[in-house]
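Colleague: I'd like to ask you about the structure that follows.
The values are calculated or read from the model by the stated rules, or taken from the named source; none is laboratory data. This one's a predicted model, so the numbers in the text were calculated from it and none came from an experiment. Every residue, glycine among them, receives a Cβ derived from its backbone with ideal geometry; neighbour counts consider all protein chains shown. Note: accessible area is taken over every heavy atom of the protein model, side chains too, but ligands, DNA and RNA are not part of it. Shrake-Rupley method; radii C 1.70, N 1.55, O 1.52, S 1.80 Å.
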Amino acid sequence: MSTPDRPERSELLTFQLDTEIVAVEAVRVREVLDKAPVSEVPGARPFVPGVLNVRGQVVPLADLRLKLNLPIRPPTPDSRIVVLETTIGGEPVTVGVRADRVFEVTELEPGSLEEAPAIGLRWRKEHVRFIGKRGEDLIIALDIDRIFSDEEAQVPVGTASAATFQDQQAPSSERAGA
């Protein structure tokens, strides 16, 4: 039987962060990009340090390593940006997340899914939807909505909207309406 945190069957995009295999629901993924130029947003929190242009849309870029207490690493030739849809405050938001490597979309059967343990994880339990087993690998399915709904994530994502970012980039005479 399925629950909100443990679905009947799950299609997930798997990717690597440090040495961990993590995943997000495939239906949330809009696209996977090679590395792209990132514009830093002054005063943004480290978790969402900047924005990038994705086909004309300004999209906040998050580094999940900071939320998951993983070491920060420079990009490698395998690094990618996963652009996905989440919900913040009931509103749909497109965000990019850094990935050290993207693997595949995989389907996990209900018998391979388990609830995240209350102890033993180095991450906050509410950031994990479930843990799936595939062969000898464990796949940590992230709860993207909860990760981005945390109070510390809301301000940078909300202030990195296209309108706010474009307003910050406009000459002062345009911002004043002159």
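Colleague: Report whether or not ALA176 is at pLDDT below 85 and open to solvent by less than 40 Å² (accessible area, probe 1.4 Å). If you could, list the steps in order and put the result at the bottom.
Modeller: Details: at pLDDT below 85: yes; open to solvent by less than 40 Å² (accessible area, probe 1.4 Å): no.
No, not satisfied.
So that you can scan it fast, the table gives a plain yes or no per residue for (1) at pLDDT 95 or above; (2) of a type outside the set (Gly, Ala, Ser):
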residue	(1), (2)
VAL48	no, yes
VAL59	yes, yes
PRO75	no, yes
GLY89	no, no
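Colleague: Here is a follow-up. Can you tell me which residue is nearest to PRO60 (Cα to Cα) among those in the stretch 28-48 that are out of contact with any Ser or Thr (no Cβ under 8 Å at 6 or more places or on another chain) and of a type in the set (Gly, Ala, Ser)?
Modeller: Within the stretch 28-48, the subset out of contact with any Ser or Thr (no Cβ under 8 Å at 6 or more places or on another chain) is 29, 31-34, 36-40, 42-43, 45-48.
If we keep only those that are of a type in the set (Gly, Ala, Ser) as well, we get 36, 39, 43.
Details: ALA36: 12, SER39: 9, GLY43: 14 Å.
Among residues in the stretch 28-48 that are out of contact with any Ser or Thr (no Cβ under 8 Å at 6 or more places or on another chain) and of a type in the set (Gly, Ala, Ser), the one nearest to PRO60 (Cα to Cα) is SER39.
Colleague: Another one. Taking strands (runs of 3 or more DSSP E) that do not extend beyond the stretch 3-121, which have at least 2 residues that are open to solvent by 70 Å² or more (accessible area, probe 1.4 Å), of a type outside the set (A, V, I, L, M) and without any contact (Cβ under 8 Å) to a residue 40 or more places away in the chain?
Modeller: Values: elements: 10-17, 20-25, 29-33, 50-54, 57-62, 80-88, 91-99, 101-108.
Fully inside the stretch 3-121 and qualifying: 91-99.
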